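Asks: Could you have a look at this structure, given as C-alpha cells, before my questions?
The values are calculated or read from the model by the stated rules, or taken from the named source; none is laboratory data. Here the structure is a predicted model, which is why all the values come from computation and not from measurement. Don't worry about glycine lacking a Cβ; one is built from the backbone with ideal geometry, like all the others, and counts go over all protein chains shown. Accessible surface areas use protein heavy atoms only, side chains included; no ligands, DNA or RNA. Shrake-Rupley method; radii C 1.70, N 1.55, O 1.52, S 1.80 Å.
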Amino acid sequence: MFNIFFKKIKKLIKIKFLFSFPIKKKILLYDESNVKILKDIIRQDFNVIKIREIEIYFWIFIKQIFFLDFSYTTYCKNFISYTSPKIVISINDSKVRFFELKKKFKNINFISMQSGGRYPTNFKNKEFLNKNFYCDNFFVFNEYYIKQYKKIINSNFHVLGAYRNNIVKVKKSSNKNFLLISEYDKDGRDKKVIKSFCKLLELLNIYFSRSNKKIHILLRRKNSTQKEEMEFYNKYFESNCVFHNIFDWKKSYQTVDKFENIIFMQSTLGYEATARKKKVACFQTSLTGSKFWFGWPKPFQKKHYFFTSKNLSYSEVKRILTNLNNCSQSTWEKKYYNSIKDLVFINKNNEKFREILSKILKNSI
C-alpha cells in the first residue's frame with residue numbers, strides 16, 4: 001500500500017501547473033506524443049491534452065478541488081468544455097479515455113487514426129469490449145481492418161494507409177544488402193515473441209556468416225538505451241553487423257528507402273516498407289503466440305510463401321533470403337507487390353485526412 005501511495009505522490013510532483021488560461025482553438029490533439037506529426041499533416045495550430053508529461057491549467061482544475069474529484073478524465077472533460085474545439089483528434093487508437101470522452105461530447109467531431117499494426121488480441125481487449133464506443137471518423141491502414149474495428153468501435157471508417165508513411169517521400173535504391181528492422185524490446189513484449197525473435201537472430205547470424213555478408217540493422221531506440229540495444233545485437237552478430245541510428249521518426253523511412261531488401265518479424269515499419277515497394281522477408285511463426293499471419297486480417301495467399309516463413313528454421317531463412325536476393329525489383333513489383341499493395345496504401349501527405357478535416361471545419365462554422 002505504501003508503494004501505491006508513493007507512486008501517486010511521485011506522479012503528483014511531476015505535474016506541471018499552468019496559471020494562465022488556454023487559448024481556444026478549433027482543433028484539439030489528445031496525446032502529446034504526436035504533436036510534430038500532426039503539425040506536418042494539418043499545417044495549422046491546435047491545442048494539446050498531455051497524457052504523458054501532464055500539464056494542468058490550475059483555473060480549470062480548481063473546480064474539481066471543490067468536489068474532491070481529482071480524476072484526470074474529469075479534467076480532460078473540463079478542458080474540452082472550456083476550449084470548445086470543433087474537432088478532437090487522437091493519433092493513438094489504443095487510448096480508451098479518448099473514446100470515453102466522446103460519450104460526453106456528442107456535438108464535437110472525434111477523429112481517431114490507426115497508429116500501428118494490430119493483432120487478434122487487440123480486438124479482444126476487455127477495456128474496449130461491450131462499451132458501445134463511438135468515434136465520428138476513424139482512419140485505418142486497409143479495408144480488412146475495418147471489420148475488426150467494428151467489433152469494438154462504431155464509426156465512419158476511411159482507408160488512409162499509415163499516416164507517418166504517407167508524409168515521407170519514397171526514394172528508390174539499388175542497394176541489395178539486407179536491412180533488419182529491430183524489434184528489440186527488453187521488457188514490453190510477450191515472452192514467446194522474445195523467444196521467437198532471438199531464435200530468428202541466431203539463424204540470421206548463421207546465414208550471413210556463411211554468405212560472407214554483413215547484416216544491416218535499423219535500431220529502434222533513439223534515447224540512452226540505444227547502447228544497450230547495440231550490445232544486444234552484438235551478442236548474436238559480433239562485428240558482422242552495421243548499425244543505422246535514428247534521430248527522428250522520418251529517419252526510419254529514409255533508411256528503409258536506402259535498401260531493396262527488408263527483414264522483419266511483425267514490425268509496423270515492415271508493413272509500411274511494402275507500400276514503399278520494398279522486397280520483404282517476413283518471419284512470423286506460431287511462436288508469436290496467436291493465430292496470426294503475414295498481412296492479417298487479410299486472408300493469406302500461398303504465393304506469399306515466397307517471402308514468408310512456414311516455420312522458424314535455418315532452411316526457411318536461407319530459402320526466403322535467397323529468393324529475395326535472386327528476385328529483381330521489376331519481378332517483385334509485377335509478381336508479388338500487386339498482391340500485397342492493399343495492405344498499406346500511400347495517401348500522399350494524408351490528403352484524404354486533410355480533405356475530411358477541412359469539410360468538418362467548414363460545416364461547423
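Asks: Amide H neighbours of Val280 under 5 Å, counting only residues 5+ apart in sequence or on other chains, H built in-plane at 1.01 Å?
Replies: Close amide H contacts, sequence-distant or interchain: Ile262.
Asks: What is the pair-distance distribution P(r) of the range 182-258, computed from all Cα-Cα distances in 10 Å bins starting at 0, with each bin given as a whole percent?
Replies: For the range 182-258, the pair-distance distribution reads 17, 47, 33, 2.
Asks: For the range 322-365, max minus min Cα coordinate along each principal axis, in Å, sorted largest first?
Replies: 58, 15, 14
Asks: Evaluate the charge dipole of the chain about its Cα centre and quote only its size in Debye, nearest 20, assuming +1 on the Cβ of each Lys and Arg and -1 on the Cβ of each Asp and Glu.
Replies: 440 debye
Asks: Separate question: Around Phe345, which amide H atoms from residues at least 5 apart in sequence, or from another chain, sit under 5 Å from its own amide H, with H modelled in the peptide plane?
Replies: Those qualifying (amide H under 5 Å, at least 5 residues apart or on another chain) are Gly161, Ala162.
Asks: While we're here: Kindly provide log₁₀ I(q)/I(0) values, in the same order as q = 0.12, 0.16, 0.20, 0.26 Å⁻¹, from the Debye equation applied to equal alpha-carbon scatterers of the range 17-89.
Replies: So the normalised log intensities work out to -0.32, -0.56, -0.85, -1.30.
Asks: Stick to the Cα atoms of the chain, pair each with every other, and give me the Kirkwood hydrodynamic radius in Å at one decimal.
Replies: Radius from the Kirkwood sum: 22.6 Å.
Asks: Going from the alpha-carbon gyration tensor of the range 93-193, what semi-axes, largest first and in whole Å, does one get by taking the root of 5 times each eigenvalue?
Replies: 30, 19, 12
Asks: How many nm is it between the label spots at Thr322 and Glu238, if each spot is 7 Å from the Cα in line with the beta carbon?
Replies: The answer from the label model is 2.5 nm.
Asks: Another question about this same structure. Where the Cα atoms of the range 178-217 are projected onto their three principal axes, how long is each span, largest first, in whole Å?
Replies: 33, 15, 11
Asks: Determine the principal axes of the Cα atoms in the range 264-365, then give the extent along each, sorted from largest to smallest and rounded to whole angstroms.
Replies: Dimensions of the range 264-365 along the principal axes of its Cα atoms: 62, 35, 19 Å.
Asks: Can you give me the pair-distance distribution of the range 141-274, C-alpha pairs, 10 Å bins, whole percents?
Replies: With a bin width of 10 Å, the distribution comes to 11, 36, 33, 16, 4, 0.
Asks: In nm, what is the difference between 0.36 nm times the number of residues separating Lys63 and Gln301 and their Cα-Cα distance?
Replies: Extra length from Lys63 to Gln301 when fully extended: 79.9 nm.
Asks: Tell me the Kirkwood radius of the range 245-324: reciprocal of the mean inverse pair distance over distinct alpha-carbon atoms, in Å.
Replies: Details: mean 1/r = 0.0745 Å⁻¹.
After inverting the pairwise mean of 1/r, the radius is 13.4 Å.
Asks: Anyone know which of Phe232, Phe66, Phe259 comes out most mobile in the 10 Å Cα GNM of the chain?
Replies: With Cα springs under 10 Å in the chain, the top fluctuation among Phe232, Phe66, Phe259 is at Phe66.
Asks: Tell me, what HN-Hα J-couplings in whole Hz come from the Karplus equation 6.51 cos²θ - 1.76 cosθ + 1.60 at θ = phi - 60° for each residue of the range 23-28, using x for Gly and Pro?
Replies: In residue order, the calculated couplings are 6, 6, 9, 6, 10, 10 Hz.
Asks: Now for a separate question. Which whole-angstrom value gives the distance between the alpha carbon centres of the range 62-102 and the range 283-343?
Replies: Value for the Cα centre distance between the two parts: 43 Å.
Asks: Still on this structure: Give me the one-decimal nm value for the distance between modelled label points at Lys191 and Phe70, 7 Å along each residue's Cα-to-Cβ direction.
Replies: Between Lys191 and Phe70, the simple spin-label model gives 3.6 nm.
Asks: Per residue, how large is the accessible surface of the chain? Use a 1.4 angstrom probe and give square angstrom.
Replies: Accessible area per residue, the chain: 53 Å².
Asks: Say each of Asp45 and Ser173 gets a label point 7 Å from the Cα, pointing the same way as Cα to Cβ; how far apart are those two points in nm?
Replies: 3.9 nm
Asks: With all protein chains present, how much of the accessible area of the range 243-365 (probe radius 1.4 Å) comes from carbon and sulfur, to the nearest whole percent?
Replies: 52 percent
Asks: Per-residue counts of other Cβ atoms within 10 Å, averaged by peptide: what ranking do you get for 13-24, 155-166, 329-340, 346-357, highest first? Don't jump to the answer; show the numbers that get you there.
Replies: Values: 13-24: 10.4, 155-166: 20.9, 329-340: 14.5, 346-357: 17.1.
In decreasing order of mean packing, 13-24, 155-166, 329-340, 346-357 become 155-166, 346-357, 329-340, 13-24.
Asks: Still on this structure, I have one more. Of Tyr72, Gly117, Ser20, which is farthest towards the positive pole of the range 1-129's charge dipole, taken about the Cα centre with +1 and -1 on the beta-carbons of Lys, Arg and Asp, Glu respectively?
Replies: Among Tyr72, Gly117, Ser20, the one farthest towards the positive end of the dipole of the range 1-129 is Tyr72.
Asks: Let me ask something else. Over 10 Å intervals from 0, what percent of Cα-Cα pairs in the range 68-137 sits in each interval?
Replies: 18, 50, 27, 5, 0
Asks: Still on this structure, I have one more. Determine by what factor the alpha-carbon radius of gyration of the range 1-127 differs from 2.2 N^0.38 Å, reporting the quotient.
Replies: Computed over Cα atoms of the range 1-127, the ratio equals 1.14.
Asks: Something else now. Multiply the residue separation of Glu333 and Lys104 by 0.36 nm, subtract the distance between their alpha-carbon atoms, and state the gained length in nm to one decimal. Working shown, then result.
Replies: Numbers: separation 229, 0.36 × 229 = 82.44 nm, distance 4.78 nm.
Once the chain is fully extended between Glu333 and Lys104, it gains 77.7 nm.
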